1. Taking all pairs of different Cα atoms in the chain, averaging 1/r and flipping that mean, what Kirkwood radius in angstroms comes out?
2. Taking R0 as 60 Å, what's the FRET efficiency between residue 209 and residue 158 from their Cβ-Cβ distance, rounded to 0.05?
3. Show me the ranking of peptides 312-318, 133-139 by mean Cβ neighbours inside 10 Å, starting with the highest.
4. Looking at the stretch 19-163 from every direction and averaging, what is the projected area of its Cα convex hull in nm²?
5. Expected output is a single nm value to one decimal: the length gained when fully extending between residue 17 and residue 354, i.e. 0.36 nm times separation in residues minus the C-alpha distance. What is it?
6. Just to be sure I follow the rule: in the stretch 19-163, considering lysines 8 or more places apart or on different chains, how many pairs have Cα atoms under 18 Å apart?
7. What are the equivalent ellipsoid semi-axes of the stretch 303-403, built from the alpha-carbon gyration tensor (square roots of five times its eigenvalues), in whole angstrom, biggest first?
8. Based on Cα positions only, what radius of gyration and what Dmax would you give for the stretch 303-347, in angstroms?
Amino acid sequence: MCPKRARNQEPGSRGADVKRLSVLGSTGSIGAQTLDIVRLFPDRFDVRALTAGTNADLLIAQAREFLPECVVMGDAGRLKQVKQALEPLGIRVLAGREGLCEAAALDGVNTVVAALVGFAGLESVIAAVRAGKKVALANKETLVVAGQLVTHLLKAHKGTVVPVDSEHSAIFQCLAGEPANSVESLILTASGGPFRTRPAETFRDITKEEALAHPNWSMGTKITIDSATMMNKGLEVVEARWLFDIPANRISILVHPQSVVHSFVAFADGSAKAQLGLPDMRVPIQYALSYPERWPAPHERLDWSGTMHLHFEPPDRVKFPCLDLAYQALEAGGAAPAILNAANEQAVDLFLEEKIRFTDIPDTIDHALGSMPVQEHPKLEDLIACDAEARRVVQEHVRAIPI
Ligand code: NAD
Ligand code: MG
């Protein structure tokens, strides 16, 4: 039997520096690892909201453990189960997109962990920014789709975004204390995914199971497929452009199969900095939450006593056309990255449903980018319409592809 939400967990009743969290997407890979960090530092956190898309059982278990003020269940079919389990504990159960935005802007919350996957995360991040929360941003698609809009809102609301994505966390750490005008370029490292050395002529036959077997990272399915096509790195270039206000021609990609160097920053004086660590997302998640502090933690260390071989090579842009598609969309500007993102999300879903081939993913995105007009300064409602239209264009295009 769980106790009802205890009185000493009311907002403001613990130290002023307590991180009062809303964890959006708490049942996913990043969300669950965020809660691992909370377990490591129970006195530093108060979890006030948790949200799930479909996994009601895990959401209920997390809520029983952390006793938030509210939870949000995305899947309407599971709402009753969650209400029956949690309302007797005094936990409010909210639903759907509106519930997510409410959890993102909840009174008393000071830090929102944005760990939904895909376009579905956009509105809640905007709600958090508008409510002046600090956002620990894992949901890279938000900045891909709406980088211009979110940057504008951040300025207007004096908001803060701290990156969770390991490459952007690395860059953020390398930039600490450096004057903005001293940065020459950003170099994002990429593992190269499971098909780095696989011959291009066999790419047509890549199965879903092969694409889901990432060599270094255990992640949600969508980002795992994005890593296999290398669209993940393309999305990260767009994310970096907005996070660090650096034009695309000063952001490059370097394949580094060990995933130990998480990215580099090159400076105007010829010096470069890198951030290193084992591939463990709990480290950048913790940094996003502890920033500007660093908290001692028992995460596994690199072994500095032995021989270490770090390998780097340029990406193969012919084998991985998603990289150039992302740069093209970024250069086109306006709503083009939103088209890129929606077409990619739709194509990844269709590949996971085994309705298209691996090699159809970039072809389909290319088709969407080439056939849709690009709005220059889209508002949120324009981006929502553009997302829906790009998905429709992809569906229609795919119907014409012979399997
Ligand atoms: P995931 O699929 O494991 O989890 C996604 C979470 O969002 C789940 O809680 C899911 O229930 C929820 N969700 C999905 N669609 C929803 C909807 N329509 N409504 C409500 N909730 C919904 O994904 P993940 O791997 O944790 O990735 C989350 C984000 O972090 C992605 O944008 C990804 O690119 C980014 N990221 C992930 C990693 C990683 O190691 N997993 C690393 C870097 C960046
Ligand atoms: Mg990354």
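1. Details: mean 1/r = 0.0459 Å⁻¹.
Taking the inverse mean of 1/r over all distinct Cα pairs, the chain comes out at 21.8 Å.
2. Numbers: r = 47 Å, r/R0 = 0.78.
Computed FRET efficiency for residue 209 and residue 158 comes out at 0.80.
3. Details: 312-318: 12.7, 133-139: 26.7.
Those peptides, ordered most packed to least, come out 133-139, 312-318.
4. Values: hull surface 30.5 nm².
Answer in nm², one decimal: 7.6.
5. On the way: separation 337, 0.36 × 337 = 121.32 nm, distance 4.83 nm.
Contour length minus Cα-Cα distance gives 116.5 nm.
6. On the way: 19/133; 19/134; 133/155; 133/158; 134/155; 134/158.
Within the stretch 19-163, the lysine pair count is 6.
7. Values: eigenvalues 182, 75, 31 Å².
Equivalent ellipsoid semi-axes, largest first: 30, 19, 12 Å.
8. In Å, with Rg to one decimal and Dmax whole: 16.8, 49.
Read the figures in this text as sums done on the coordinates, not as results from a lab. The structure displayed is predicted, hence computed values, not measured ones. Methodologically, a virtual Cβ is constructed for each residue, glycine included, from the backbone with ideal geometry; neighbour enumeration extends over all protein chains shown.
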